[in-house]
Amino acid sequence: MSERHRAEHATAAPAPTGPEHSWHAGSPDSAGPGRAAGWTRRGVLGSAAALGAGALTACGGNAPSDRGGGSGDRTFTLYWNAGHGYAAYTKLIEKFESDHGITVNWQKFQWPDLQTKLAADMQSGQVADLVEDDGSGWPLSYAATGDAYPLDEFIAADGEKIGYPNDWQANALRNSRYQGKTYGIPLHLTCNLLFYNKTMFAAAGIEAPPSTWDEFLAVARKLTRGDQYGVALNSDPGYLSPWMLQNGVQYWDPSTRKVMTPVPKAIEAMRFQHDLIYRYKVSPAPSATADYEGPEKLFVAKRAAMMISGPWDFVPIKKTAPDLDYGLALPLKRDVRATNFAGSGVFIPAKARHKDLAWDLIKRLTSLSVENAVTRETGVTMPRKTWAKQSWVQQDKQVGAVARALAYGTSWPNGIDATGKAPQLDDALRSAYQSTIVKNGDPAAAVRNFRAAAAKLVGG
């Protein structure tokens, strides 16, 4: 699933609780066909809470003078993902209101509704003060049209104190910079990794999960028997990205305005996935539907021994098969060990009335203490390097596995949203990917067809 679509449907992982940070099945975001809420399957995350808006009130002195707004304006508008109204954020916002003597109008939306709202706001000029985005590159889209505010002045003043950008996973910043300026800050961060059934592995005499493509194929062939498959692949093109990245393929090169380069490597990665289904027959052919949960269903039914997925599947697996003994392994390696990031971020609209206050809220939202509180509450994983290195994070079976995998993550979109053509490119990629993965078409033709469609959209 693309990063923007993954964010649309995501739900939070179960939260580590207690001294051992054991996992529980429920979470405030575990509704709907979702995944890691805001974590761009579903944005490192947003299908749970109902669409709505809420305001938190507070008393206090006059609001401070703030660039973009007068001191008489006592309302701060915050747009947020509907699945991310966590208790830790609620507590933080109440303190923010009290400290500044303002009222926060906290409006919550599903990602598609938020995109629609933003488009209307940008046209009218009546915008929010701070916006959560789905991690796929919204700030770049709005920066290209002059509708996002550059954060460089704030970063120059406070970056060293808050650890930005040095304490953020470096590759996670690619979707926040446009023409040398920073327009967004990553808030949540997750990625794809390898899920495997420990019981099936043990029964087949396999002692460790695969690490490379060759090992993966060998293990998948050994585990395929009868109505049991070694792996279940997904029909959603977002699951193409880990394979491409592992083979050294860049989705978007802004310097040449070309996609899927180098082309021979892109064809090789597409062919490997095709051959897992149609040559080696270690995966069933996925259906071309919106049901991206097919692999998860096969995995929990013990009809597939492996799948490529992310934290968005922790809650569904726990609910459907609480006794399933499965492990999590690092992303695979071909040329490099790599996986794609998913997540969410925040940005300030160019016409926001309270930019200084928005920056203050960003600093609070992204502090290590708040990251820890949110992870403990929900299981959502975070972009700070210091977050990932903490012993309690590393020792947790699931959060720790994601934290270790983040070191190999990168941005698949790589800034392509700045072209303004990302949705059309998503559609073209879906068509090309499904032509070979679902319909058994030629993988080389699928890559060539996508590149031809992309050339018409973005040049190159």
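Quick note: the coordinates plus some simple rules give every number you see, no bench work behind them. Being a predicted model, the structure only gives us computed values, none of them experimental. Here the Cβ is made from the backbone with ideal geometry for all residues, glycine too, and neighbour counts use every protein chain on show.
Below, the figures for the structure above:
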item: Fewest-first sequence of His274, His100, His84 by Cβ atoms within 10 Å of each Cβ; result: His274, His100, His84
item: Inter-probe distance in nm under a simple model that places probes 7 Å from Cα toward Cβ, at Ala204 and Asn440; result: 2.3
item: Farthest toward positive dipole pole in the range 327-460 [+1 Lys/Arg, -1 Asp/Glu at C-beta], among Val393, Leu365, Asn414; result: Asn414
item: Formal net charge of residues neighbouring Thr261 (Cβ-Cβ distance under 11 Å; K, R +1; D, E -1); result: +3
item: Inter-label distance for Asp325 and Arg303, nm, one decimal - labels placed 7 Å from Cα along Cα-to-Cβ; result: 2.4
item: Residue order, fewest to most beta carbons within 10 Å, for Val131, Val370; result: Val370, Val131
item: DSSP beta bridge pairing in the range 61-218, given as percent antiparallel to the nearest 5; result: 25
item: Centre separation in Å (Cα based) which lies between the range 388-427 and the range 360-383; result: 16
item: Nearest-20 debye value, the range 190-333 charge dipole, Cβ charges on Lys, Arg, Asp, Glu; result: 240
item: Set Lys265/Lys421; Lys297/Lys363; Lys117/Lys297; Lys265/Lys389; Lys297/Lys439; Lys333/Lys397 screened for pairs whose C-alpha atoms are more than 28 Å apart; result: Lys297/Lys363; Lys117/Lys297; Lys265/Lys389
item: Given charges at beta-carbon only (K, R positive; D, E negative), |dipole| of the range 121-261 in Debye; result: 740
item: Euclidean distance of C-alpha centroids, the range 284-357 and the range 126-155, integer Å; result: 26
item: Linear extension gain, Ala288 paired with Ser391, 0.36 nm per residue minus alpha-carbon span; result: 32.9 nm
item: Calculated FRET value between Lys161 and Ser124, using beta carbons and R₀ = 51 Å, to 0.05; result: 0.90
item: Total charge dipole magnitude, the range 250-396, about the Cα centre, Cβ charges on Lys, Arg, Asp, Glu only, Debye to nearest 20; result: 420
item: Separation in nanometres of the label points that stand 7 Å from Cα toward Cβ, at Ser369 and Lys281; result: 6.1
item: Extension gain (nm, one decimal) between Glu94 and Val263, 0.36 nm per residue minus Cα-Cα; result: 55.7 nm
item: Summed side-chain charge close to Val438 - residues other than Val438 whose Cβ falls under 12 Å, Lys, Arg +1, Asp, Glu -1; result: +1
item: Rounded if a/c under 1.5, otherwise prolate or oblate - the range 280-380, Cα gyration tensor axes; result: prolate
item: Cα gyration tensor, the range 315-458 - rounded (a/c under 1.5), prolate or oblate; result: oblate
item: Net charge of Cβ neighbours under 13 Å - reference Tyr79; Lys, Arg +1; Asp, Glu -1; result: -4
item: Extended-chain gain in nm, criterion 0.36 nm per residue less alpha-carbon gap, Ser255 and Lys181; result: 25.0 nm
item: Residue order, fewest to most beta carbons within 10 Å, for Ser255, Ser367; result: Ser255, Ser367
